Amino acid sequence: MQPSLGIMYALCFVAIAIAFAYAAYLIKWVRQQDPGNPQIVKVAGLIQSGANAFMRKEYTILAGFAGVAAVLILLFLPSPIWASAAPLNNVKMAIAYICGTVFSAIAGKLGLFVASLANARSAVAASKGIRPAFLIGFRGGAVMGLAVVGACLLGVMGVMLIFGDTSILLGFSFGASSLALFAKAGGGIFTKTADVSADLAGKVELGIPEDDPRNPAVIADNVGDNVGDVAGMGADLFDSNVAAMAAALIMAAALDGATGSANVGMVFCYSALGLLASIFGIAMARIGKNGNPTRALNSSTYTTTAVYIVLTALATLIFDGFRWEIWGASTVGLFVGVLIGIVTDYFTDDTKPIVKHVAHASKSGPAFTVLSGISYGFLSVLPAMIGIAISALAAYKLCEPLGGQYPLFGISMAAVGMLSIVGITISNDAFGPIVDNARGLAEMGGLGEETIRVADELDSAGNTVKAVTKGFAIGAAGLTVISLLGAYMSEVNAALVEMGRAAEQIMGFDIMNPTVFFGILIGAAIPAVFSAMLMLGVDRNAQRMLAEIHRQFREIRGLREGKEGVEPDYNRCIDIATQGALRELIPAGLVAILATLLVGFIGGVEAIGGFLLGNIASGLLLALFMSNAGGLWDNSKKYVEAGNEGGKGSEAHKAAVVGDTVGDPFKDTAGPSINTQITVVSLVSSLMSVMFIMYSIF
């Protein structure tokens with residue numbers, strides 16, 4: 001059968017319609033569950049209103065940034081409007097950019113809405129056992145997964161249907177990436193400001209429980225879980241999925257030329273089948289009465305993987321022009337994604353030996369907690385980096401016999417394959433902050449020790465799958481930016497041909513070329529600078545909040561003793577986290593973008609090639625290290641709190657809390673933001689390629 005684009009678009013529409021309909025059903029189902037006693041309803045309302053207030057202020061700032069960026073795109077991209085033979089392309093690019101930001105914002109906002117519904121209901125359900133609490137948390141997270149992937153597919157397909165030009169997809173992808181970069185950074189700074197402050201003041205200084213309502217930062221901590229781990233991560237994975245599809249479609253369109261549409265159709269077909277496989281995996285997710293939540297979440301991922309492989313193999317068999325080599329590249333990417341998940345699970349799951357080693361080291365003091373965590377965090381990087389390298393190499397070699405740009409297209413399809421099951425991945429990830437909030441609500445709502453224990457077990461599983469998801473997202477970003485490097489070369493060469501400078505086309509980047517090497521060194525430094533700026537933002541903000549917590553315990557009579565009717569000023573802590581996050585969220589992202597522009601205008605297109613190579617290698621290493629080390633410290637603390645190595649209140653516990661506070665900005669602020677930073681600078685490079693050719697110094 002001939003794979004016409006009409007058939008592929010129809011398949012996409014069916015998958016999107018099913019995803020949105022199923023998401024609507026899950027929202028209705030979650031709303032029907034018991035919201036809990038008046039105290040839980042009150043606290044859940046505070047969390048929801050705090051999250052909404054922050055998102056409203058954050059999106060207002062980002063709307064201003066997007067407006068300025070859209071005007072600059074209109075004037076300068078894909079080429080200066082006054083010197084362009086087709087100025088309408090600048091208008092199309094600006095519209096696509098705005099659409100990318102809007103779609104990304106909507107996906108994050110919807111996830112936040114459902115998470116705020118599910119957290120209280122999951123806490124109440126935990127009093128009845130692990131099974132109902134798990135189901136509410138997972139189904140709440142699944143709404144986010146379905147919404148993000150459905151919106152991604154709808155947005156990319158809409159751009160193709162309306163504009164019919166794959167290069168315009170770069171504008172849509174840049175819109176999604178730029179919003180994701182700032183949303184993840186802002187949400188990450190907010191959540192870790194509150195988390196670090198609450199832990200240090202509560203557990204280390206005062207020896208009170210994690211979610212004790214006496215702690216002024218406790219509501220801000222729960223708000224942060226929603227704005228950082230739900231809305232921020234949703235925007236992040238939306239951006240990764242769009243970028244992977246954009247890179248693949250640009251190369252697919254170049255390979256198809258004017259004679260066919262098999263490769264473009266293959267990208268859309270595989271993406272739609274990935275969404276359908278995720279829907280099946282979500283529907284099949286189950287846990288026994290006394291089951292293991294981590295195993296249940298992993299099983300749903302494996303089920304989705306198997307269904308996707310079978311569906312794509314059938315599609316490759318049915319449609320003419322779908323090549324088995326490309327299917328092989330896609331499957332390799334998917335397997336490597338699962339492998340990264342397994343490795344991350346080994347280093348961060350509290351039933352595995354590494355977490356237990358770090359918890360044991362905590363008995364000797366916080367220095368040993370930090371040293372052992374950093375060491376194991378660095379060790380965890382190697383298998384994932386090898387996996388990404390092997391998947392890129394295997395995809396390239398599988399497609400090399402096809403000639404032309406097929407090897408690079410194979411790498412881009414490996415990224416599409418890795419992200420094909422992103423629906424189930426986001427569902428697992430959003431489960432984490434929902435059950436984390438549920439644990440806090442169970443304690444603040446007075447639901448009893450057994451309910452808190454069940455919620456703790458779910459929270460520990462949530463920490464593990466969040467770490468797995470972050471590793472998965474980082475790996476996918478690695479493959480995506482390698483394929484975006486191919487898209488960058490395509491954009492540069494097409495511009496050179498159009499300028500009559502075909503002899504200057506680039507086939508690769510020679511690292512012995514001084515301009516390329518100049519770019520590599522600068523590019524390698526940017527992820528470290530970017531991470532430092534975000535973590536310093538958390539540091540400054542957390543110190544302000546810690547001072548406010550001390551003030552409240554000192555000045556509010558009866559607060560420390562927990563006298564009836566005495567409550568802390570929760571809103572003051574929420575305000576500190578909000579103001580600090582909004583102050584810090586723009587500079588780090590701007591540094592990455594401005595560095596890209598400076599390197600391009602100084603060294604030209606070859607320096608940018610080196611810049612991207614250095615940025616990719618350094619960024620992947622730092623992102624994987626920080627994500628895994630942070631997850632490892634978090635679950636080491638949970639392992640001690642479960643009664644091991646001395647339990648709560650022991651010296652090991654205090655040391656483990658210190659390790660967790662170091663790891664918090666690692667895993668939830670800087671680490672997961674780096675993969676978005678890599679994608680953003682790759683897209684800026686492709687969008688600015690004509691300008692770099694025209695105006696660079698060297």
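Which shape class, rounded, prolate or oblate, goes with region 577-637 when its Cα gyration tensor gives a ≥ b ≥ c as root eigenvalues, a/c under 1.5 marks rounded, and past that a/b bigger than b/c marks prolate?
Working: a/c = 7.29, a/b = 1.50, b/c = 4.87.
Note, shape of region 577-637 comes out oblate.
Take the alpha carbon atoms of region 325-355, find their center, do the same for region 640-666, and report the distance between the two centers in whole angstrom.
27 Å
Which of these values of semi-axes √(5λ) of the Cα gyration tensor in Å was calculated from the structure shown: (1) 41, 32, 27; (2) 41, 27, 23; (3) 38, 31, 28?
Matching the structure shown: (2).
Taking the Cα centre of region 34-131 as origin, work out the dipole magnitude from +1 charges on Lys and Arg Cβ and -1 charges on Asp and Glu Cβ, in debye rounded to 20.
The calculation lands at about 320 debye.
Lys/Arg Cβ at +1, Asp/Glu Cβ at -1, dipole of the chain taken about the Cα centre: which of Gly619, Ala476, Pro568 is farthest positive-ward?
Comparing the listed Cα positions along the dipole, Pro568 ranks first.
Could you tally the net charge around Asn263, taking each other residue with its Cβ under 9 Å from the Cβ of Asn263, Lys/Arg +1 and Asp/Glu -1?
0
If you take the charge dipole of region 529-687 about its Cα centre, with +1 on Lys and Arg Cβ and -1 on Asp and Glu Cβ, which of Ile674, Asn644, Leu687 is farthest toward its positive end?
Comparing the listed Cα positions along the dipole, Asn644 ranks first.
Percent of accessible area on region 473-627 owned by carbon and sulfur, 1.4 Å probe?
Carbon and sulfur atoms account for 62 percent of the accessible area of region 473-627.
Which order, highest average first, do 389-398, 426-435 follow once you tally other Cβ atoms within 10 Å for each residue and take the mean per peptide?
Sorting 389-398, 426-435 by mean packing, highest first, produces 426-435, 389-398.
Just to confirm a number: summing +1 for Lys and Arg and -1 for Asp and Glu over residues other than Pro78 whose beta-carbon lies under 12 angstrom from that of Pro78, what do you get?
-2
Sorted by packing (mean other beta-carbon atoms within 10 Å per residue), highest first, where do 269-282, 53-66 land? Walk me through the numbers before you get to the answer.
Working: 269-282: 25.0, 53-66: 17.8.
Listed from highest to lowest mean packing, they are 269-282, 53-66.
Under a Cβ-Cβ cut-off of 15 Å, what is the net charge of the residues other than Ala254 that fall near it, where Lys and Arg count +1 and Asp and Glu count -1?
-4
Of all the accessible heavy-atom surface of region 1-76, with the other protein chains kept in place and a 1.4 Å probe, what percent is carbon and sulfur?
On the way: 2780 of 3840 Å².
Roughly 72 percent, rounded to a whole number.
Only helical DSSP H runs with n ≥ 4 go in: add -39500 (n - 2.57) per run for the chain, normalise by residue count and round the 222 nm mean residue ellipticity to 500 deg cm²/dmol.
For the chain, the value works out to -28500 deg cm²/dmol.
Could you put Phe518, Phe335, Phe322, Phe698 in order of accessible surface area, largest first, with the 1.4 Å probe and the full protein assembly present?
Final ranking, largest accessible area leading: Phe698, Phe335, Phe518, Phe322.
At a threshold of 8 angstrom on Cα-Cα distance, excluding pairs fewer than six apart, so keeping six or more, what relative contact order does region 49-184 reach in percent?
Result for region 49-184 is 32 percent.
Where in the chain are the helices, taken as whole DSSP H runs, whose Cα atoms extend 30 angstrom or more along the long axis and whose Kyte-Doolittle mean reaches at least 1.6?
Span-like helices here: 5-31, 130-163, 262-284.
Quick check: with the 1.4 Å probe, what order do Trp82, Trp29 take by accessible area, largest first?
Sorted descending by solvent-accessible area, the residues read Trp82, Trp29.
Which aspartates and glutamates have a Cα less than 12 Å from the Cα of Lys192, not counting those fewer than 8 places away in the same chain?
Answer for Lys192, where 12 Å is the Cα cut-off: Asp221, Asp225, Asp229, Asp539, Asp660, Asp664, Asp668, listed by chain and number.
Per residue, how much accessible surface does the chain expose to a 1.4 Å probe? Answer in Å², no decimals. Please report the intermediate quantities before stating the final value.
On the way: 22860 Å² over 698 residues.
So the chain comes to 33 Å² accessible per residue, rounded to a whole number.
For Cα pairs less than 8 Å apart in space and 6+ apart in sequence, what is the mean separation divided by the residue count of the chain, i.e. the relative contact order in percent?
The normalised contact order for the chain reaches 22 percent.
Rounded to the nearest 20 Debye, what is the dipole magnitude of region 226-363 about its Cα centre when Lys and Arg each give +1 and Asp and Glu each give -1 at the C-beta?
620 debye
Enter the accessible area of Ile520 (Å², nearest 10), with the probe set to 1.4 Å and all protein chains included.
30 Å²
Taking loop as defined by DSSP and a crowding limit of 15 other beta carbons within 10 Å, which trypsin sites (Lys or Arg not before Pro) in region 474-577 fit?
Arg501, Arg557, Arg560, Lys563
Return a whole-number percent for the relative contact order of region 576-670, with Cα pairs under 8 Å and 6 or more residues apart as the contact set.
Computed over region 576-670, the figure is 25 percent.
Which distance in Å, rounded to a whole number, links the C-alpha centroids of region 549-580 and region 31-87?
29 Å
Provide Asp668, Asp350 ordered by accessible surface of protein heavy atoms (probe 1.4 Å), highest first.
My answer, sorted largest first, is Asp350, Asp668.
How large is the charge dipole for the chain, taken about the Cα centre, if only the Cβ atoms of Lys, Arg (+1) and Asp, Glu (-1) carry charge, to the nearest 20 debye? Let's see the in-between values first.
Working: 42 positive and 50 negative charges, 168 e Å.
Value, rounded to 20: 800 debye.
Name the residue farthest towards the positive end of the dipole of region 332-417 from the options Gly387, Ser362, Ser375, assuming +1 on Cβ of Lys and Arg, -1 on Cβ of Asp and Glu, about the Cα centre.
Ser362
The values are calculated or read from the model by the stated rules, or taken from the named source; none is laboratory data. Fair warning: this is a prediction, and the values are worked out from it, not measured in the lab. Neighbour counts are summed over all protein chains in view; Cβ atoms, including those assigned to glycine, are modelled from backbone coordinates with ideal geometry. Note: areas computed on protein heavy atoms with side chains; ligands, DNA, RNA excluded. Shrake-Rupley method; radii C 1.70, N 1.55, O 1.52, S 1.80 Å.
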